[in-house]
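The values are calculated or read from the model by the stated rules, or taken from the named source; none is laboratory data. Keep in mind that this is a model prediction, so the values were computed, not measured. Every residue, glycine among them, receives a Cβ derived from its backbone with ideal geometry; neighbour counts consider all protein chains shown.
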Amino acid sequence: MNLNVSLSYPPVVQISLQKIDAIIYADLVIDVLDGSDIIPVACLSLVMSGTGSVQITGNNLASHLKMDDFTLSLKWSKIGTLHMFLIQPVMWTLIETVFLPYVNAHIGIGFPLPIISEFTLQNAEIITSDSRITVCSDVTYYESFDSTQVYTS
């Protein structure tokens, strides 16, 4: 069996004071493998809404996601009626216990901010408002020591 997830619409992202809200619309197509044939047998429509927060970690922009709501509906099926009221709690649990911790582990490390080498952020602060993320910070210069260079007097 294969599970193919694709976005059915662009995500809706809204940035407001101290948080970022997002709604993701996706389709999950379930394929059955029959020898070398791949047969699509059902498509589920997923709507996930969540909240994220961002912070500065070193010179990286890091974040954390939390799922607020999740709905699942049957879009089409070649194998009969699927009982969504049984499948939805299982999917919610998988997302909460497997998918989100995996994603949060990676985005918690953060993405490097475009900073000139030998500079580092100090006392950084993030301001989210009016559909913007603004990073305010002091910048510190440090000269890196090149251990291959020999000094003589």
Residues of the stretch 101-127 satisfying the condition of being assigned to a strand (DSSP E or B) and either of a type in the set (A, V, I, L, M, F, W, C) or in contact (Cβ under 8 Å) with a residue 24 or more places away in the chain (or both):
Phe111, Pro112, Phe119, Thr120, Leu121, Ala124, Glu125, Ile126, Ile127
Has the stretch 44-64 got any residue that is assigned to a strand (DSSP E or B), farther than 30 Å from Leu121 by Cβ and touching a Lys or Arg at 6+ places or on another chain (Cβ under 9 Å)?
yes
Among (1) at pLDDT 95 or above; (2) under 30 Å from Pro114 (Cβ atoms); (3) not aromatic (Phe, Trp, Tyr), which single condition is Cys43 missing?
(2)
Just checking, does the stretch 20-28 include any residue being under 19 Å from Gly110 (Cα atoms) and of a type outside the set (Val, Ile, Thr)?
yes
Filter the stretch 69-88 down to the residues that are surrounded by 13 or more Cβ atoms within 10 Å (Cβ to Cβ) and among the aliphatic types (A, V, I, L, M), then identify the one that is farthest from Leu100 (Cα to Cα).
Leu82
Quick one: how many residues across the stretch 2-39 are more than 26 Å from Asp68 (Cβ to Cβ) and either under 25 Å from the mean Cα position of the chain (by Cα) or surrounded by 14 or more Cβ atoms within 10 Å (Cβ to Cβ) (or both)?
3
Here is a list of conditions, (1) without any contact (Cβ under 8 Å) to a residue 60 or more places away in the chain; (2) under 12 Å from the mean Cα position of the chain (by Cα), and Val54 meets all of them except one; can you say which number that is?
(1)
Kindly evaluate Asn123 against the criterion of being under 18 Å from the mean Cα position of the chain (by Cα) and either modelled with pLDDT of 95 or more or surrounded by fewer than 12 Cβ atoms within 10 Å (Cβ to Cβ) (or both).
no
